[in-house]
Structure formats: C-alpha cells, structure tokens
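All remarks here apply to the structure that follows.
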Amino acid sequence: MYRTHTCGELRLEDAGKSVCLSGWVQKVRKLGAMTFVDLRDRYGITQLVVGENAPEEVKNSVAKLGREFVIQAKGTVIERASKNNKILTGDIEIDVNEVNVLSESEVPPFTIEDQTDGGDEIRMKYRYLDLRRPCVRKNLELRHRMAQLVRNYLSERNFIEVETPVLIKSTPEGARDFVVPSRMNRGQFYALPQSPQTFKQLLMVSGFDRYFQIVKCFRDEDLRADRQPEFTQIDCEMSFVEQEDVQEIFEGMIRHLFKEIRGVDIPKLEKMTWIDAMEQYGCDKPDLRFGMKIVELTDVAKGKNFAVFDSADYIGAICAPKCAGYTRKQLDELTEFVKRSQIGAKGLVYVKYNEDGTMKSSVDKFYTEADLKVWAERCQAEPGDLLLILVGPKFKTLPQLCELRLEMGNRLGLRDKNVFKPLWVVDFPLLEWDEETQRFYAMHHPFTAPKTEDIPLMDTDPGKVRANAYDMVINGVEVGGGSIRIHDSALQAKMFDCLGFTPEAAQAQFGFLIGAFKYGAPPHGGLAFGFDRLASMFAGLDSIRDVIAFPKNNSGRDVMIDSPSEIAQEQLDELGIELRKDIEK
Ligand code: ASP
C-alpha cells in the first residue's frame, strides 16, 4: 500500500496515528540535527520531520533527497511545536521512521510554486511540471466542477449527451477547416468539425428532443489570447422551442454556475438589440460594467466650416467622467491609441468641460463655447468631464469608439473582474455583405432562421433581414450564441440562394440536411457556449490557455510534444500526397 492518507488530509485529531504518505518533495530544510521535508500531492502539503533519534537509514535517505523526488514516508502524526496556519495540515507533522524513494528527479527547470521563476515558454515546454503548481491545477479543478454542474443541470432537464463524429466533411462557409487526408479514399479529405451544428440538428429530426455535448471544436484561424485552434463548446439543441424557451434554460444554467461557483446571484438578463448595442457601445458584445455610452453628434456638430466634421458620415462621442484635467501627454496617448493600426482612427477630437464651466477643445478654431456646450449637453456631461470624439463612416467609427470606451474603462478602473454583467444580444442581421467577394455571408451560420416577419425581405432587401439569433455576452465577452433554426426545406433553399449557392452546390454541400428536412423536421433551436472562455472568466483569468491542460501557443504549436511536425515519406506515399517543393515552410 503506497499511502494511508493524502498530503492534505491529516489534522490534530489524527495525532498518534501511524500513517503512510506518498508524494513529491517540495522542499528539504535542515535545522541542526533535524530535517524537515515538505511533501506535496494534489491535495496539499504535509511536513515530515526526521529527528535526531530517527533510524540511521532514514537519515541517510533524507540526506539524498532533492526537489521533486517521489517518496513514500511512514511515521506517526504528532502535534507541531510551531504551527503554520497557512495550510490545513499546519497543526501536525509526521515523525518519520521509514522513507522509500519511489522515483528520483532531476532538478526541475523552474520552481514548482505559485510564484515560480519559470517564464512562459519554459513552462509550456514542461507543461507536466507546470501543472504540478497548485495555482494552475486549481484552474482545471474549477473547469471540472463547472463541467459537472453543467452535465447535472442539463441531465436533470432531460438533455442527453450524444457524441457526434470528429471526422466530418469540409464546408466552404464559416472559418477555415482543419483537414485530415483519407488513406482509404485517396485524394479525399475529412474535416474536423468547427462545431457539431448539422449533427445536432439531425438529432432533432431524429426526435432526440434535447441534446447537449461538451465537445471539442476546431477552427484554423489566427490566434489571440481567447482563441485556440481546438477549443471546447457546451453545445446544445432543443426541439419545439422559441427563442425565449432556449434563453430561459440557458440563462438558468449560467445563473446556476454563478451561484455555485462564485456565490453570486445574477438577476434576469437584459435583452439588447444588435443595433442598440452597436450604436451605444460600438460592438455586438457590450461591456455593461460601466456606462460611458456612445452618443451621436453628427447632427449638432456639422455646419461650422470644420471640413473634417462637415464631410463626415458619422460623428460620435464618449464622455469620460472627471477627466477634464487630462494633460497634453494623456491626450496624446489616447490619440496614439486610436491611431494604432488595429483601431485605425485618423485622429481624436477632445472637449474639456472644465470644473469652472468653461470649455476647451482641440477644435476651438471652429466652435464657440456655446457650440461645445450643446455637445456636452447631448452627452449629459458634467463640469469636470472630458468628451472624446471620433468621426468617419458609421460602422467603422463605432468599433473605434468601442475600443476607446474600453480603454477608458480600463484607465478609470471600471472593469472589475469580480463584477459580472451578462446580457442577451438579439436581432442580429441575418446576412452580412462582403465587398471583396461581392456576396452575402451568414452572420451566424446558414441554418439560422430569419425572424418570421422579415422573411419577405429576403427577396427584396436581404441585408435588412433580422435573424432569430441571440448571443450571451458577459463583461464584453461573447460567451455563447445560438439561434432558432430553419426547419423547412423551402426556406433553407431560399437561404442558400441568398448566400449565392446554386441549388446544385447547396445539394452537394448540405444535401443530407435538406434531405432530412423532407422527413418531418420539428421546429428547433439551440446554442453553444465557449467552455474555455466561461471557465477562464469564472477563474478570473485573462487567457483561456490557463484553463486548458495542454494548450497551444500563439503560432498554434504544442511546444511540449513539438507539433505540428513533418511526417515520414511512407506516410505521405500511403496518403498519395506529394509536398510541393516550391512552397516555403
Ligand atoms: N454552432 C454554433 C457555433 O458554433 C452555435 C449554435 O448556433 O448553436 O457558433
């Protein structure tokens, strides 16, 4: 028997017991004739003490111990003279009478402590050691708890978890697919699913009624802090539902998670239309932890011979409270911020509404104090506030104002990680026009139903059609999204037509779904949550990587197993793949 107890288990009540523990050596300290060893496992740390009177062989083994050795120690639980109230086992120690080294360890490349000396890269290379650090392990424990809560919540409500295939078919819509060559079908490829979308809809046609799956999805996109090439969704679908039915269940699920994990009560979620979100927050995922809404000034700011404004499609402002005292340097910083290529504004106009009621702006040449007061009023500014104004084409300027608003939120400390403001964003446009390819794309995916009252517009003005779709947004992060689906073959055909598919192309790509809809498809809808994002938000982390056991880096590489990697010529031959020599690696 390797152990009678874990390293996090023993308390003062256990004093006098003979025990046996196994774990990793965290630290060895010598104090005169005594040696103390901190023994660690997943459950905690227990102090071992090898006293003056310990058997010689125990003293010898302990003298050879190094960090991260795996040992087994036997002895008696005793009360500690100097207690450590920072750990749960801090009242006791083990008076050791036998030590067995189960496995030696080289000196680890970084310290296995919450405050480690290892940089990002080295920790990723030795991720299995990084995962020994309690602060990293805790994130995965939290993730596990969340998965359990989700499974139970949904199972209790008649959802059943069904696995859908991982080797599926490539589709031209959506993000780029990861593809897998087929040996048995030379020249043909599977694709890894970007989501189980069509399969879950087929399950509804099969009468499963309520489905969920905690499932890996794959998208070959450029990576950012909150993106990984493979990520996990809580994927769900329900039959005989309308938008409100889906929202009720999943709002309930999120509320349940907040209560159980964070101990917070979330009130009923607000619903905001897409256009309101865009016009007031500049994006479709508003951070409602703070105000500073965008205010349009187009009508009041034109006509004073300031060419930039007079020729602008749109003029919008945010009002930063108590920032009228900003220095030249601070204003320059903000100007630089909006001019960065990622944001792309041409410049920034400011108006200081000074505490004494006077106005000072970067466009004083063109506007009188009375003019500026009108803007300030429109923005409901108070003396002491600062207006920050951007101009340009409306739907280019709004996202820039969104970034500026978030930046000001950060600077003013208004984005508290322990405050949670979820909402539903609804009434998205069904279709998005792409100038480059001169065609419409589905904003959500091609199976999303239009709002019933907008269906006639599909023939006359497709860009105006609103989708029966909804996103759940928390603190500026889209944590989930879904829609009521099209369940009628004729409407689905019309949708494919709007997307520029010929009937033959639609048949070739999605014939199975169109076919299934001919055999009695129930009205259905669903959604999917980004599980990694949710977990990282609950853990209070900035990156989803920290809630993934073995994540990839920014270039999509797993530096621990060194993947992706080349494959042997024989494997390529078997697959009938010849690599082009003229393409650089
Ligand atoms: N499959 C969708 C997605 O991955 C979610 C949904 O519509 O249920 O975004």
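A few remarks follow.
- On Cα atoms only, tilt of 394-411 relative to the major axis of the chain in degrees: 40
- Rg ratio (alpha-carbon, reference 2.2 N^0.38 Å) - the chain: 1.22
- Using a 4.7 Å Cβ-Cβ cutoff, the cysteines of the chain lacking any partner cysteine are 7, 20, 135, 217, 236, 323, 498.
- Debye, to nearest 20: dipole size of the chain, +1 on Lys, Arg Cβ, -1 on Asp, Glu Cβ: 1080
- Placing unit charges on the Cβ atoms of the charged side chains and taking the dipole of the stretch 413-529 about its Cα centre, the candidate lying farthest along the positive direction among 503, 437, 470 is 470.
- Solvent-accessible surface of the stretch 474-585, averaged per residue with a 1.4 angstrom probe and all protein chains in place: 51 square angstrom.
- Cα-based equivalent ellipsoid of the stretch 292-444: semi-axis lengths in Å, sorted from largest, via gyration tensor: 28, 21, 15
- For peptides 54-66, 175-187, sequence by mean Cβ density within 10 Å, most packed first: 54-66, 175-187
- Where trypsin sites (Lys or Arg not before Pro) fall in DSSP loop in the stretch 431-518, at most 11 other Cβ within 10 Å: none
- A 1.4 Å probe over all protein chains sorts 296, 566 by accessible area into 566, 296, starting with the largest.
- The simple Förster model, with R0 at 25 Å and r as the Cβ-Cβ distance, assigns residue 245 and residue 380 a FRET efficiency of 0.05.
- Degrees, to the nearest 10: 243-257 long Cα axis against longest axis of the chain: 30
- Distance violations [Cα-Cα > 18 Å] among 293/464; 259/421; 365/394; 329/352; 169/552: 293/464; 365/394; 169/552
- Rolled with a 1.4 Å probe across the full set of protein chains, the surface gives residue 248 an accessible area near 140 Å².
- Scoring 356-362, 530-536 by mean Cβ neighbours within 10 Å over their residues and listing the highest first yields 530-536, 356-362.
- Trypsin sites (Lys or Arg not before Pro) within the stretch 218-250: DSSP coil, no more than 12 neighbouring Cβ in 10 Å: 224
- When a 1.4 Å probe is rolled over the protein heavy atoms, the share of accessible surface on the chain that falls to carbon and sulfur comes to 50 percent.
- Using a probe of 1.4 angstrom and keeping all protein chains present, the accessible surface of the stretch 156-213 works out to 57 square angstrom per residue.
- Of the GluC sites (Glu not before Pro) found in the stretch 421-477, the ones in coil according to DSSP and having at most 13 other Cβ atoms within 10 Å of their Cβ are 435, 436.
The values are calculated or read from the model by the stated rules, or taken from the named source; none is laboratory data. Computed from a prediction, not measured in an experiment: that's the story for all the values here. Note that each Cβ is placed from the backbone with ideal geometry, even for glycine, and that neighbours are counted across all protein chains shown. Heavy atoms of the whole protein, side chains included, go into the accessibility calculation; ligands, DNA and RNA do not. Shrake-Rupley method; radii C 1.70, N 1.55, O 1.52, S 1.80 Å.
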